[in-house]
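Colleague: Quick one: this structure, given as structure tokens, is what I'll be asking you about.
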Amino acid sequence: MIKKKYIDLLRVKPGKKISLKDYDTGWAQNDEFKSFGKNKVKERANEVLKENQVDLSQVQQLLYADDRYSLLIVFQAMDAAGKDGTIKHVMSGVNPQGCQVYSFKKPSDEELDHNFLWRYMKCLPERGRIGIFNRSYYEDVLVVKVHPELLQSLPDGKIGKSFWEERYEDINAFERHLERNGTVILKFFLNVSKKTQKERFMERLDRPEKNWKFSVSDVAEREHWDDYMDAYENAISATSTKWAPWHIIPADHKWATRALIADIITTTLRDLDLHFPQMTEAKLDMLAEARKKLDAE
């Protein structure tokens, strides 16, 4: 497991105004890590990932059997930050029947005719299950803020000076409602540097088997980098709460990203103190009777 003091550095405290420039995107998060060296830190990160993959598989079974909580994991990031790969590697050991992944693309006309949270509400995990949002309702205070022409049609007077702050309030209220009804929420911003994003884009162009992952729109969005950083800073600052915290995860090295997220998810579920259901006397009697019948065959 990763020491809590390191995880706390990545967790955004409620009410804190953050600047992403204060968060390192690389593996050397502090002087202690630097003293170990990159190879040693990478070796340990891979060990942590494997350990947590095993633990997550076990605690997922408890989550399902306990049937009181659900877990919603939100991933947000710039293109090529590694969301897909992180989901694949971190969740590789879980039972697919208990985990659902939703990737939200451009909203349909039907979705635009509802409130901005509607299409996400339909995909929330039920009790005992893990739900993963690969992009989420935060797109409506990120992409839409950078490209206001994408904003859904609203009545006159609804888009004023406080419009974005009101959307942050809506999100906080939505997440508070979920938490009060047993949904545990973890939000991860994969913090990739502009330099690393360019390297990954170039790799997609240079390797034929990765060409399909590249989109011309990725380069177009890169031109709005500073606007996106501003939008992320405002959204994260306004919506990191005690009940739905944001973690800013360094994403320039995929092995570090995956180890950190796996550890946070597993530790969060372990801290729920999950249990297998207790058998009542009547139920135990029924099981004993069933055993007798099977023995008698």
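Colleague: Can you spot a residue in region 39-51 that is within 21 Å of residue 245 (Cα to Cα), touching a residue at least 12 places away in the same chain (Cβ under 8 Å) and in contact with a helix residue (DSSP H, G or I) (Cβ under 6 Å, 6 or more places away or on another chain)?
Modeller: The answer is no, given that none of the residues of region 39-51 is within 21 Å of residue 245 (Cα to Cα), touching a residue at least 12 places away in the same chain (Cβ under 8 Å) and in contact with a helix residue (DSSP H, G or I) (Cβ under 6 Å, 6 or more places away or on another chain).
Colleague: Also, quick follow-up: Restricted to region 17-53, and to residues that are exposed (fewer than 11 other Cβ atoms within 10 Å of the Cβ) and farther than 20 Å from residue 196 by Cβ, which residue is nearest to the chain's Cα centre (by Cα)?
Modeller: My answer is 17.
Residue-by-condition table, conditions (1) closer than 19 Å to residue 100 by Cβ; (2) of a type in the set (Ser, Thr, Tyr):
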| residue | (1), (2) |
| --- | --- |
| 25 | no, yes |
| 29 | no, no |
| 34 | no, no |
| 38 | no, no |
| 42 | no, no |
| 46 | no, no |
| 58 | no, no |
| 63 | yes, no |
| 68 | yes, no |
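Colleague: Residue 18 versus (1) modelled with pLDDT under 95; (2) among the β-branched types (Val, Ile, Thr); (3) part of a loop (DSSP other than H, G, I, E, B): which is the lone unmet condition?
Modeller: Residue 18 satisfies every listed condition except (1).
Colleague: Now for a different question. Can you tell me which condition residue 194 does not meet? The list is (1) closer than 25 Å to residue 93 by Cα; (2) over 17 Å from the mean Cα position of the chain (by Cα), and all the others hold.
Modeller: Every listed condition holds for residue 194 apart from (1).
Colleague: Kindly list, by first and then second residue, each pair from a residue in region 81-94 that is without any contact (Cβ under 8 Å) to a residue 12 or more places away in the chain to a residue that is among the aromatic types (Phe, Trp, Tyr), limited to pairs with Cβ atoms under 7 Å and residues at least 6 apart or on different chains.
Modeller: Note: no pairs meet the criteria.
Colleague: Could you list, in sequence order, all residues of region 251-266 that are crowded, with 22+ Cβ neighbours inside 10 Å and touching a Ser or Thr at 6+ places or on another chain (Cβ under 8 Å)?
Modeller: Once the filter is applied, which keeps residues that are crowded, with 22+ Cβ neighbours inside 10 Å and touching a Ser or Thr at 6+ places or on another chain (Cβ under 8 Å), region 251-266 yields 251, 257, 258, 261.
Colleague: May I pose another question? Within region 108-131, restricting attention to residues that are buried (at least 18 other Cβ atoms within 10 Å of the Cβ) and not small (Gly, Ala, Ser), which residue is farthest from residue 73 (Cα to Cα)?
Modeller: 116
Colleague: Looking at (1) of a type in the set (Phe, Trp, Tyr); (2) closer than 30 Å to residue 230 by Cα; (3) in contact with a strand residue (DSSP E or B) (Cβ under 9 Å, 6 or more places away or on another chain), which is the one condition that is false for residue 69?
Modeller: Status for residue 69: all satisfied but (2).
Colleague: Here is a further query. Can you tell me how many residues within region 73-95 are farther than 15 Å from residue 53 by Cα and in a helix (DSSP H, G or I)?
Modeller: Total satisfying the criteria: 2.
Colleague: Still on this model: Could you look through region 129-174, keep only residues that are of a type in the set (Gly, Ala, Ser) and touching a Phe, Trp or Tyr at 6+ places or on another chain (Cβ under 9 Å), and pick out the one that is farthest from residue 99 (Cα to Cα)?
Modeller: 136
Colleague: Residues that are within 20 Å of residue 60 (Cα to Cα) and not basic (Lys, Arg): list the helices (runs of 4 or more DSSP H) wholly contained in region 219-297 that include at least 3 such residues. Walk me through how you get there before you give the answer.
Modeller: Numbers: elements: 225-239, 254-270, 281-296.
The helices (runs of 4 or more DSSP H) meeting that bar are 254-270.
Colleague: Looking at region 122-141, can you tell me whether even one residue there is without any contact (Cβ under 8 Å) to a residue 12 or more places away in the chain and over 16 Å from the mean Cα position of the chain (by Cα)? Before you say what the answer is, go through the steps one by one.
Modeller: Narrowing region 122-141 to residues without any contact (Cβ under 8 Å) to a residue 12 or more places away in the chain: 122.
Those still in the list that are over 16 Å from the mean Cα position of the chain (by Cα) too: 122.
Yes; the residues of region 122-141 include at least one that is without any contact (Cβ under 8 Å) to a residue 12 or more places away in the chain and over 16 Å from the mean Cα position of the chain (by Cα).
Colleague: Same structure, new question: Does residue 212 satisfy the condition of being surrounded by fewer than 17 Cβ atoms within 10 Å (Cβ to Cβ) and assigned to a loop (DSSP other than H, G, I, E, B)? So that I can check it myself, show each step before the final result.
Modeller: Values: surrounded by fewer than 17 Cβ atoms within 10 Å (Cβ to Cβ): yes; assigned to a loop (DSSP other than H, G, I, E, B): no.
Spelling it out, it is not the case that residue 212 is surrounded by fewer than 17 Cβ atoms within 10 Å (Cβ to Cβ) and assigned to a loop (DSSP other than H, G, I, E, B).
Colleague: Just need a number here: residues in region 161-181 that are of a type outside the set (Asp, Glu) and surrounded by 13 or more Cβ atoms within 10 Å (Cβ to Cβ). Please lay out each step first, then the result.
Modeller: Applying the first criterion (of a type outside the set (Asp, Glu)) to region 161-181 yields 161-164, 167-168, 171-174, 176-178, 180-181.
Subsequent filtering for residues that are surrounded by 13 or more Cβ atoms within 10 Å (Cβ to Cβ) retains 163-164, 167-168, 171-172, 174, 176, 178.
Qualifying residue count, region 161-181: 9.
Colleague: Further, regarding this structure: Six or more apart or on different chains, Cβ under 8 Å: which pairs go from a residue in region 102-113 that's touching a residue at least 24 places away in the same chain (Cβ under 8 Å) and closer than 13 Å to residue 150 by Cβ to one that's among the hydroxyl-bearing types (Ser, Thr, Tyr) and surrounded by fewer than 15 Cβ atoms within 10 Å (Cβ to Cβ)? Could you list them?
Modeller: Filtered contacts from region 102-113: 112/153.
The values are calculated or read from the model by the stated rules, or taken from the named source; none is laboratory data. Values in this document were obtained by computation on a predicted structure and should not be read as measured data. Positions of Cβ are backbone-derived with ideal geometry, glycine not excepted, and every protein chain shown enters the neighbour counts.
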